[in-house]
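The values are calculated or read from the model by the stated rules, or taken from the named source; none is laboratory data. Just so you know, these numbers come straight off a predicted model, no measurement behind them. Glycine also receives a Cβ, built like all others from the backbone with ideal geometry; neighbour counts cover every protein chain displayed.
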Amino acid sequence: MSRLQQQIKLIKRPVGLPTNEDFEFIEAPIEEPSEGEVLVRTVYISVDPYLRGRMNDVKSYIPPFKLNSVITSGVIAQVVESKSPKFEKNDIVIGSLGWQHYSVAKESEIRKVDANIAPASAYLSVLGMTGLTAYFGLLDIGQPKEGETVVVSGAAGAVGSIVGQIAKIKGANVIGIAGSDEKVKYLIEELGFDAAINYKTENVKMALNKACPNGIDVYFENVGGEIADAVFPLLNKFARIPVCGAISAYNSESIDIGPRVQSYLIKTSSLMKGFTVGDYGSRFQEGTEVLAGWLQEGKLKYEETVTEGFDQTIDAFLDLFEGRNIGKAVVKVSEIE
């Protein structure tokens with residue numbers, strides 16, 4: 001095995017939409033594990049919209065990336081060498097690791113995944129942070145009830161696609177908002193949404209009025225912007241709004257200003273609550289077990305947009321902001337041996 005590897009570093013703070021010039025591929029030595037550590041080989045890298053926020057040097061719920069440092073995200077890897085009694089060679093593990101071919105991780109930084117329950121990449125999607133985000137955000141904050149109307153923005157994405165399916169499991173009427181006819185068809189025909197709206201070709205306000213004749217009880221927010229503006233006038237009394245993301249503003253170079261939400265919340269006594277999946281860290285096992293059960297029972301489906309090759313990682317990340325992915329976006333770096 002060569003003792004050099006490729007890494008991807010952030011070398012500039014992006015202004016607006018990131019470009020390839022904000023990143024750099026470099027060669028660096030492969031480190032050796034010490035006691036209590038393992039050397040792992042990257043199999044899949046998760047690319048996620050929230051990473052864009054970490055590229056800004058601003059206060060947030062998670063520290064920003066340091067310039068000239070390796071970018072990190074969720075990674076599925078295979079153990080190459082172990083100096084920990086908890087792991088053996090060839091174990092499949094998950095952790096927040098670097099965008100590089102090999103990583104040295106402390107035993108506390110990774111955990112094993114069971115590839116017999118689902119393919120390893122599923123632990124970055126339906127059985128990973130995106131699935132858990134959907135599970136806790138919808139059920140803890142949204143609390144959908146049978147017969148209620150649930151609207152999901154970014155509905156064909158990694159989180160939104162799971163949110164809609166869980167809402168259907170709970171007996172809700174589910175409307176998804178997505179950005180292409182292909183995605184609309186996928187939501188209705190594959191995932192069982194009751195209706196879906198292509199925000200790029202339809203008047204969202206008019207389409208929501210037609211799709212939600214009884215108003216909206218739960219709005220799972222992934223997008224923000226004009227789509228959210230179209231939702232608020234349709235909120236029912238005691239509506240719930242889990243705020244997971246606002247991708248429409250992630251690359252904005254100006255302050256995101258729109259209609260004010262306060263009057264809608266007051267008139268309907270609605271709850272609007274932001275969250276991150278880390279808020280539910282103590283309950284991850286519960287969520288994973290329930291999601292795995294639904295998956296094995298055939299109640300949940302998931303889609304992945306898999307980009308092949310470490311050298312395509314940046315392009316896969318940038319594609320998120322063009323809406324080119326259906327379901328979870330991952331980069332396949334190597335094969336499991």
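General remarks:
- V150 being at pLDDT 95 or above and of a type outside the set (S, T, N, Q): yes
- Restricting attention to segment 287-314, the residues that are under 22 Å from P14 (Cβ atoms) and surrounded by fewer than 17 Cβ atoms within 10 Å (Cβ to Cβ) add up to 2.
- Candidates F321, F317, F284: the one that is surrounded by 14 or more Cβ atoms within 10 Å (Cβ to Cβ), over 14 Å from the mean Cα position of the chain (by Cα) and not in a loop (DSSP other than H, G, I, E, B) is F284.
- Taken over segment 108-155, the criterion of being touching a Gly at 6+ places or on another chain (Cβ under 7 Å) and in a loop (DSSP other than H, G, I, E, B) is satisfied by S125, G128, E146, G147, G154, A155.
- Odd one out for E337, checked against (1) outside the structural domain of V151 (by TED's automatic domain parsing); (2) assigned to a strand (DSSP E or B); (3) over 23 Å from the mean Cα position of the chain (by Cα); (4) not aliphatic (A, V, I, L, M): (2)
- With respect to the conditions (1) crowded, with 20+ Cβ neighbours inside 10 Å; (2) closer than 28 Å to K9 by Cα, K83 lacks only one, and its number is (1).
- I188 fulfils the conditions (1) touching a Lys or Arg at 6+ places or on another chain (Cβ under 8 Å); (2) among the β-branched types (V, I, T); (3) in a helix (DSSP H, G or I) except for a single criterion, (1).
- Residue among G164, G171 that alone is closer than 28 Å to Y264 by Cα, touching an Asp or Glu at 6+ places or on another chain (Cβ under 7 Å) and outside any strand (DSSP E or B): G171
- When N222, N214 are checked against the criterion of being surrounded by fewer than 20 Cβ atoms within 10 Å (Cβ to Cβ) and over 19 Å from Q262 (Cβ atoms), a single residue qualifies: N214.
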